[in-house]
């Protein structure tokens, strides 16, 4: 069975690697625009696709020599599409490795960063992405595999009731997780609020399942504005991040604003207070 001694990609493609891939793309005879036969994910339920070794885009030296694979998806509801890469029993390679990126229906506008999936890691951070999708919209997942891979996609509907501005902020119930949806291509802010009837420590919790960074802003009558950019790393993705104060804050209404830092931030999140 073949192994990959040179497989050292990080999840997010580094600038240096991007430069190398761009340079090699001009050197090969097969342009990136050439693509394999179109594949599809089902709009609802679960879809499993097996990509063969013969369909790979990168060779053993991670140089582009094959065809880009496009996978079509059309959303029938608002929600998120979960995509997971796993080793393929039909592959001669030790573990699945490659890259994917979400595009719009024309395949021209990127709606997520380019990520590397690597099934040599046990953490889902290296094999799974969540893409926020909008009802009636068609998307394409661009796939550049280095070898055969088994892809599993499943859709979950999400009703996002967050406000688009402070005046329409959604009231959060205490200690109840609320799901928020960031659809691909959107930079809209998500506003929430909650009210303390008496003085107590401020405790807000945020769990991101996103492809890119978000900015969290928390403010109210008893605390200075707390603003922080949450970067998507293995330490933050799918982890519950806490925003708390050591001492009590005054009673009153507190606001939480969640903003994508770019239009390539997509997926969903959970937010709660206690």
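The values are calculated or read from the model by the stated rules, or taken from the named source; none is laboratory data. The structure displayed is predicted, hence computed values, not measured ones. In this analysis, Cβ positions are derived from the backbone assuming ideal geometry, glycine residues included, and neighbour counts consider all displayed protein chains.
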> Which condition does residue 254 not pass, out of (1) within 29 Å of residue 73 (Cβ to Cβ); (2) out of contact with any helix residue (DSSP H, G or I) (no Cβ under 8 Å at 6 or more places or on another chain); (3) surrounded by 20 or more Cβ atoms within 10 Å (Cβ to Cβ), if it passes all the others?
Replying inline: (1)
>> Can you list the strands (runs of 3 or more DSSP E) lying wholly within region 233-274 that have 3 or more residues being under 16 Å from residue 179 (Cα atoms) and assigned by TED's automatic domain parsing to the domain that holds residue 194?
In response: 252-260, 267-273
> Using beta carbons and a limit of 6 Å, which pairs, at least six apart or on different chains, have the first residue in region 201-215 and closer than 19 Å to residue 225 by Cβ and not assigned by TED's automatic domain parsing to the domain that holds residue 188 and the second one surrounded by 20 or more Cβ atoms within 10 Å (Cβ to Cβ) and modelled with pLDDT of 95 or more?
Replying inline: none
>> Residue under question is residue 108, and the condition is that it be out of contact with any strand residue (DSSP E or B) (no Cβ under 9 Å at 6 or more places or on another chain) and surrounded by fewer than 21 Cβ atoms within 10 Å (Cβ to Cβ); does it hold?
In response: yes
>> Can you tell me which condition residue 91 does not meet? The list is (1) touching a helix residue (DSSP H, G or I) at 6+ places or on another chain (Cβ under 8 Å); (2) surrounded by fewer than 19 Cβ atoms within 10 Å (Cβ to Cβ); (3) at pLDDT 95 or above; (4) not in a strand (DSSP E or B), and all the others hold.
In response: (2)
> Any residue at all in region 238-250 that is surrounded by fewer than 21 Cβ atoms within 10 Å (Cβ to Cβ) and under 30 Å from residue 40 (Cβ atoms)?
Replying inline: yes
> Taking the stated definitions as given, is residue 117 over 14 Å from residue 212 (Cα atoms) and in a strand (DSSP E or B)?
Replying inline: yes
